[in-house]
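First comes the structure, then the notes that go with it.
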Amino acid sequence: MKQTRAKNLDDTDIKKIVEILDGWTGKLTWELLIDAVELRLHNRYTRQTLHKHERIKKAFELRKAALSDGDEDIRIVRSPELQKALERVARLETENKRLESENQQLLEQFARWAYNAYTRGLDSNFLNKSLPPVNRS
């Protein structure tokens, strides 16, 4: 079978991969993630490709830690509707933890940028200037 080169990951693809990780249960390895991504996105990426994207890397690390720490507490119930609801709650809790971590990283980055702007003598008026209009002609 001819191996075609996978397209570059865009923001939508990265979001989908992170969502796969948010809902992940069971053993998690890069190879298993690559297989799951191939099923969902119909492209096969290497571990290196996925790992170089900070959001995917951090989501993988958080999910791996949660799974190895035994934070997973998905109960098995007889009602399929209740089971689906429990799985959704677990996925949303995982997503919430990941988003809290991403938010903290962005706050730290903002503090770094604010400090660096201050040391360069850039004031808030300069930093809050509107972006120039985009010339689409």
Out of everything in the range 96-127 that is touching a residue at least 24 places away in the same chain (Cβ under 8 Å) and of a type outside the set (Lys, Arg), what residue ends up being farthest from residue 18 (Cα to Cα)?
105
For the range 93-137, what are the residues that are in contact with an Asp or Glu (Cβ under 9 Å, 6 or more places away or on another chain) and hydrophobic (A, V, I, L, M, F, W, C)?
117
Report yes if some residue within the range 102-121 is among the polar types (S, T, N, Q), closer than 25 Å to residue 15 by Cα and surrounded by 12 or more Cβ atoms within 10 Å (Cβ to Cβ); otherwise report no.
yes
Qualifying residue in the range 75-91 (condition: loosely packed, with under 13 Cβ neighbours inside 10 Å, in a loop (DSSP other than H, G, I, E, B) and touching a residue at least 12 places away in the same chain (Cβ under 8 Å)):
no
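Computed from the coordinates by the stated procedures, all read-outs in this text should not be read as laboratory data. Bear in mind that the values here come from a model prediction, so they are computed numbers and not experimental data. Positions of Cβ are backbone-derived with ideal geometry, glycine not excepted, and every protein chain shown enters the neighbour counts.
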